[in-house]
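Novice: Here's a structure for you.
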């Protein structure tokens, strides 16, 4: 049933995903006994709108770049996976970083058209740099810009310099802001990097979440290489960037300073694309329905019992 609905790309599917996201938000409000106040108006409500915008970005990127066939599986799976993070609505900075990464990836993946290359590189570096201002370890995402340059537009040496112009220009403006506001530059979190992996073996919820993500991606990773020869050259490069985006996210989660559950939300987009391709390769639609139904159950369990 679920497969038959989302197996074809239709506008109503986007509205259904919006409804699922809003249901998660209502569950969050009731579970936390939230009252209308400054926190809700400045954090939770903006987070909802940003997550709704992220749904639009996912839908746009997937359809514009043919990551999947004519279906909405990636959009549905991305929405379901948001349910694995019931407190995400209270962490607007992480939601902002998710949106900025999606905006950057949209510009990066569009380099394959070879149009407005420098503008796209500058935009992507600007989005990533804005994310870096929120968390210094987001600097890892600059790596995917240079991978894209290597893949698509390495013939012009100026393309290699554009991301650094965008990065350094934004950082210089931020340093100037710190100077004008008499804030210390040396002690600013932007310039602090603690190269240390801290992983708690007593945080069972996070361990379960990581096992779920790793298991799903590993299955999709194997299927990707089994189907690799059947993909066009453009699709191979797009999937390569998607895989790199996932592993950059994994590295970020390991080193992030604010070690919260919600940082894993940055893994959802590449994971959703991989899962969507898995569903496309399952010929028995009943199995696809069961898999999607189980993912929905797991997401609601995380919302209700594993906060």
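Novice: Among 105, 85, 122, 67, which is touching a residue at least 12 places away in the same chain (Cβ under 8 Å) and closer than 24 Å to residue 22 by Cβ?
Specialist: 85
Novice: Please work out if residue 212 is part of a helix (DSSP H, G or I), modelled with pLDDT of 85 or more, over 16 Å from the mean Cα position of the chain (by Cα) and surrounded by 13 or more Cβ atoms within 10 Å (Cβ to Cβ).
Specialist: Values: part of a helix (DSSP H, G or I): yes; modelled with pLDDT of 85 or more: no; over 16 Å from the mean Cα position of the chain (by Cα): yes; surrounded by 13 or more Cβ atoms within 10 Å (Cβ to Cβ): yes.
Spelling it out, it is not the case that residue 212 is part of a helix (DSSP H, G or I), modelled with pLDDT of 85 or more, over 16 Å from the mean Cα position of the chain (by Cα) and surrounded by 13 or more Cβ atoms within 10 Å (Cβ to Cβ).
Novice: Right, something else. Just to be sure I understand, how many residues within segment 113-147 are within 19 Å of residue 97 (Cβ to Cβ) and not in a helix (DSSP H, G or I)?
Specialist: 1
The values are calculated or read from the model by the stated rules, or taken from the named source; none is laboratory data. Remember, it's a predicted structure, so these values are computed and weren't measured experimentally. Counting neighbours? That spans all protein chains shown, and the Cβs are built from the backbone with ideal geometry, glycine included.
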